[in-house]
């Protein structure tokens, strides 16, 4: 195998396996920094040995066994706590068998629980949303500090500080490495799902920069979503979020043109939509909708996305159902952004004048003052009503507000077209 191919394979293995390794080490050493350090030690050993010996049959199990061996050595050498002695003895007794069982997929029967614990630690509400996002991308998506910085267009030092402070905050608060109690689960799971969807959205419609989409972030969020479904199958909103992301991601290939320019929903070639992703999304949605107690916000948004996925065109979309779903969503999440999206659906169902009246009622909402999609939507509705000059002004205002170069180009083009 060529050196470059081997390096790509190792990178892929590390990104896939590092969350499991860190999670297992965290259970052993109860220290996030130390768990990461020991996992990195295992990676360094792999980088030293695999180029000559070749990749093992099960590289993930090899990394796990090597990392746990390092953790056991560390615990024994430093004798961190007296109560660790019994655990060390048990781990040492089982180490020989573990190393010989490295080809077995079930090396660690607790791996699912460990990963779930790590997700809840990384998304603990004691941390800011920015810190949760950075820590999630680092620990659970395997992204480097540099990759996270480039994804969100912030200095690498800023991301590094967020991660360091997040770990310090978790340590000082002595946050337990455990799944929350049943009464805490809804609040904590909501934070986890929120961070995963934030990562997905940043990939689906980048806040800033030269690219309209960042597919790698979408892929990582989808991977986390699938992981959560497997680890928390009793929580319907995990299925709702996965359905939403699958259905939205199904449009990815049609959302950009040959030169990377954005293509709006009404202009997309639906034959380019990923129908396998749509089927996955619809199955996950059906699973979420079977739950008792009514659909949650992610399930409702997924149901809206399903209306688009099932329609052959914009004109044949069931806009009445979409409006009804937005009505239900507004009951659960009465935010100005939901109200703005509902206004768009109303405009498609009963006409642009009705939609514009709803949008105008949102103009003074504080949460939307810097939200570029408000003037963008208003410009679109004014254009449909034949009010070209006003539409152009709104598109220009939206272009000034966005930080994404591709989106700015689209809005400027729409401003020019408004007078045509």
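The values are calculated or read from the model by the stated rules, or taken from the named source; none is laboratory data. Here the structure is a predicted model, which is why all the values come from computation and not from measurement. Positions of Cβ are generated from backbone atoms using ideal geometry, with glycine treated the same way; all protein chains shown enter the neighbour counts.
Could you tell me whether the stretch 178-187 includes any residue that is within 22 Å of residue 18 (Cβ to Cβ), more than 19 Å from the chain's Cα centre (by Cα) and surrounded by fewer than 23 Cβ atoms within 10 Å (Cβ to Cβ)? Steps first, answer last, please.
First pass over the stretch 178-187, keeping only residues within 22 Å of residue 18 (Cβ to Cβ): 178-179.
With more than 19 Å from the chain's Cα centre (by Cα) added as a condition, the list becomes 178-179.
Still in the running and surrounded by fewer than 23 Cβ atoms within 10 Å (Cβ to Cβ): 178-179.
Yes, the stretch 178-187 has at least one match.
Under the condition of being loosely packed, with under 13 Cβ neighbours inside 10 Å and touching a strand residue (DSSP E or B) at 6+ places or on another chain (Cβ under 9 Å), the residues counted in the stretch 337-375 number 0.
Find the residue count for the stretch 410-420, including only residues that are at pLDDT 95 or above and surrounded by fewer than 18 Cβ atoms within 10 Å (Cβ to Cβ). Residues that pass the stated criteria total 4.
Anything in the stretch 115-164 that is in a loop (DSSP other than H, G, I, E, B) and either in contact (Cβ under 8 Å) with a residue 60 or more places away in the chain or in contact with a strand residue (DSSP E or B) (Cβ under 8 Å, 6 or more places away or on another chain) (or both)? List them, or say none. Matches in the stretch 115-164: 123, 124, 125, 140, 141, 142, 143, 153. For the stretch 386-415, a tally of residues being outside any helix (DSSP H, G or I) and farther than 19 Å from residue 206 by Cα returns 2. Looking only at residues that are within 21 Å of the chain's Cα centre (by Cα) and part of a loop (DSSP other than H, G, I, E, B) in the stretch 285-296, which one is surrounded by the most Cβ atoms within 10 Å (Cβ to Cβ)? Filtering the stretch 285-296 for residues that are within 21 Å of the chain's Cα centre (by Cα) and part of a loop (DSSP other than H, G, I, E, B), the one surrounded by the most Cβ atoms within 10 Å (Cβ to Cβ) comes out as 296. Determine whether the stretch 165-179 contains at least one residue that is modelled with pLDDT under 90, farther than 24 Å from residue 35 by Cβ and out of contact with any strand residue (DSSP E or B) (no Cβ under 7 Å at 6 or more places or on another chain). So far as the stretch 165-179 goes, no, none of its residues is modelled with pLDDT under 90, farther than 24 Å from residue 35 by Cβ and out of contact with any strand residue (DSSP E or B) (no Cβ under 7 Å at 6 or more places or on another chain).
Out of all the residues in the stretch 217-229, which are touching a residue at least 24 places away in the same chain (Cβ under 8 Å) and closer than 18 Å to residue 144 by Cα? Steps first, please.
Residues of the stretch 217-229 touching a residue at least 24 places away in the same chain (Cβ under 8 Å): 217-218, 220-225, 227-229.
Those that are touching a residue at least 24 places away in the same chain (Cβ under 8 Å) and closer than 18 Å to residue 144 by Cα: 217, 218, 220, 221, 223, 224.
If you take the residues of the stretch 48-64 that are in a helix (DSSP H, G or I) and more than 29 Å from the chain's Cα centre (by Cα), which of them is nearest to residue 16 (Cα to Cα)? Selected residue: 50.
Are any residues in the stretch 187-204 farther than 13 Å from residue 137 by Cβ and in contact with a helix residue (DSSP H, G or I) (Cβ under 9 Å, 6 or more places away or on another chain), and if so, which ones?
If we filter the stretch 187-204 for residues that are farther than 13 Å from residue 137 by Cβ, which is where we start, we get 187-194, 197, 201, 204.
Selection gives 188, 189, 190, 191, 192, 193, 194, 197, 201, 204.
Residues that are surrounded by 15 or more Cβ atoms within 10 Å (Cβ to Cβ), over 28 Å from residue 329 (Cβ atoms), touching a residue at least 40 places away in the same chain (Cβ under 8 Å) and within 33 Å of the chain's Cα centre (by Cα): does the stretch 388-397 have at least one? No, the stretch 388-397 contains no residue that is surrounded by 15 or more Cβ atoms within 10 Å (Cβ to Cβ), over 28 Å from residue 329 (Cβ atoms), touching a residue at least 40 places away in the same chain (Cβ under 8 Å) and within 33 Å of the chain's Cα centre (by Cα). Please go through the stretch 297-322 and pick out each residue that is surrounded by 19 or more Cβ atoms within 10 Å (Cβ to Cβ) and assigned to a loop (DSSP other than H, G, I, E, B). Of everything in the stretch 297-322, just one residue is surrounded by 19 or more Cβ atoms within 10 Å (Cβ to Cβ) and assigned to a loop (DSSP other than H, G, I, E, B), namely 317.
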